[in-house]
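Structure first, commentary second.
The values are calculated or read from the model by the stated rules, or taken from the named source; none is laboratory data. Keep in mind it's a predicted model, so treat the numbers as computed, not measured. All Cβ positions, even for glycine, are placed from backbone atoms using ideal geometry, and neighbour counts span all protein chains on display. Quick note on the areas: whole protein, heavy atoms, side chains included, nothing else; ligands and nucleic acids left out. Shrake-Rupley method; radii C 1.70, N 1.55, O 1.52, S 1.80 Å.
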Amino acid sequence: MKKYFSVFIFFIFSISLFCQSEKLTRLLRFPDISKDKIAFVYAGDIWIVDASGGTARQLTSHEGIELFPKFSPDGKWIAFSAEYSGNRQVYIIPVEGGTPTQLTYYNDVGIMPPRGGFDYQVLGWTPDGKNVLFRGNRLPWGERMGKYFLVPVAGGFETPLQIPEGGGGMLSPDGTKMFDNYDVLWPSAGDDKIVYENGGYIYKYDITTNKNEMVAIKVFGDFPGTFPYIKNLSDQVNWFEISPTGKRALLEARGDVFTVPAENGEIINITQTPGIREIDPVWSPDGKWIAYLSDRTGEYEIFMKSSDGSGEEKQITNDGTIWRFSPVWSPDSKQIAFSDKNQKLWYVNVDGGSPTEVDHSNYNDITDYKWSPDSKWLTYTKSDESRM
């Protein structure tokens, strides 16, 4: 009896091992597909498998983490991020396997906190297969913030793209564009369709026809959150300064501009524009005008209005394509200096005319700028190649 029991136990154990060997592997991440191959990450290494499935072949085995495999356009190479040199860099490796080739050498930002993302995230290749596109965390205002770079496969320094900041993404088929509009968010799949959010709308992607379509949705209701209401803004002031006379204060709260008396008098809402956001208001030295940034047109432009709130506002700039920094009046109240995220410094005459470019930086934003007392000169801080 003991003999049969031992045989039975061995038989059950053998069946268990056989069943486990037939199970599909999970925890596969960061997949990319070529014509007939799929690359992915498992246990911190790069693996490759036929697009139809099967047993995967291991390409990397370093104790560090290899991530973000991306096939070259001809399917012969895989670009990826790895820690062979002690920090994360961009490498390429033949799909048949072999010794990886290092492409980048600029230090990474080090170990990131949970949810901090990754430095050196490989995003793809240029259509001609000569460059690898990656996102490097090299922005001065945060180690989690990155921008796009191209690095040549044949060797050489990486080149930053004109886009000042970005997250995930890939190049368009012609290699001239990134992000059609907004990020694709929260995709969820059914039998043959995938739905996702983009720019606040719901879209569906038909797997069988390879077509995207926006779902036309209307929602009706009483929406009490849209009713007009009175709000105490005393604890929501984002910006303030004192008038040239010292008799009033200039405030911005919840996207409107106010002036407030130092002692007695009336609080004046200068802009009174629900649905439009005004920020960074500044009082002209002669006390007659208040300039501010407004998104009335869809992009932040410089506007100005009489300091007593009377009359119509006047638009000073009309060529905004990117975020602008705070306007600064000249002492004679005739000109305004400002800078933008293109890392350029400008000034504009408030009586009319296009802005004049003063200078630009190749490394950091120009955010510190002042006028001379005679309104003829601008002083400003600009980073050099060493970022100093």
Residue among 166, 117, 110 that is surrounded by fewer than 14 Cβ atoms within 10 Å (Cβ to Cβ), within 19 Å of residue 68 (Cα to Cα) and touching a residue at least 12 places away in the same chain (Cβ under 8 Å): 110
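Charged (D, E, K, R) and either surrounded by 13 or more Cβ atoms within 10 Å (Cβ to Cβ) or not in a loop (DSSP other than H, G, I, E, B) (or both), is that true of residue 35?
no
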Subset of the stretch 134-156 [part of a loop (DSSP other than H, G, I, E, B) and either among the charged types (D, E, K, R) or touching a Ser or Thr at 6+ places or on another chain (Cβ under 9 Å) (or both)]: 138, 140, 143, 144, 153, 155
Residue count for the stretch 97-107, restricted to those that are open to solvent by less than 30 Å² (accessible area, probe 1.4 Å) and either polar (S, T, N, Q) or touching a helix residue (DSSP H, G or I) at 6+ places or on another chain (Cβ under 6 Å) (or both): 1
Condition check for residue 171: surrounded by 14 or more Cβ atoms within 10 Å (Cβ to Cβ), at pLDDT 85 or above and under 24 Å from the mean Cα position of the chain (by Cα): no
Residue in the stretch 71-83 that is in contact with a Leu (Cβ under 7 Å, 6 or more places away or on another chain) and among the charged types (D, E, K, R) present: no
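Each row is one residue, and each column tells you yes or no for (1) open to solvent by 60 Å² or more (accessible area, probe 1.4 Å); (2) within 15 Å of residue 319 (Cβ to Cβ); (3) touching a residue at least 24 places away in the same chain (Cβ under 8 Å).
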site	(1), (2), (3)
347	yes, yes, yes
350	no, no, yes
359	no, no, no
363	yes, no, yes
367	yes, no, yes
371	no, no, yes
377	yes, no, no
380	yes, no, yes
385	yes, no, no
Out of 245, 259, 273, 317, sole residue that is open to solvent by 70 Å² or more (accessible area, probe 1.4 Å) and either of a type in the set (Ser, Thr, Tyr) or at pLDDT 95 or above (or both): 245
Residue satisfying all of: in the stretch 355-377; of a type in the set (A, V, I, L, M, F, W, C) and within 21 Å of residue 323 (Cα to Cα); nearest to the chain's Cα centre (by Cα) among these: 366
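Being assigned to a loop (DSSP other than H, G, I, E, B), touching an Asp or Glu at 6+ places or on another chain (Cβ under 8 Å) and hydrophobic (A, V, I, L, M, F, W, C) narrows it down to one of 276, 230, 217, so name that one.
On the way: 230 fails: touching an Asp or Glu at 6+ places or on another chain (Cβ under 8 Å); 217 fails: touching an Asp or Glu at 6+ places or on another chain (Cβ under 8 Å).
Criteria check complete, one pass: 276.
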Test result for residue 177, at pLDDT 75 or above, at negative phi and in a loop (DSSP other than H, G, I, E, B): no
Count - residues of the stretch 279-309 that are closer than 20 Å to residue 267 by Cβ, open to solvent by 60 Å² or more (accessible area, probe 1.4 Å) and part of a loop (DSSP other than H, G, I, E, B): 2
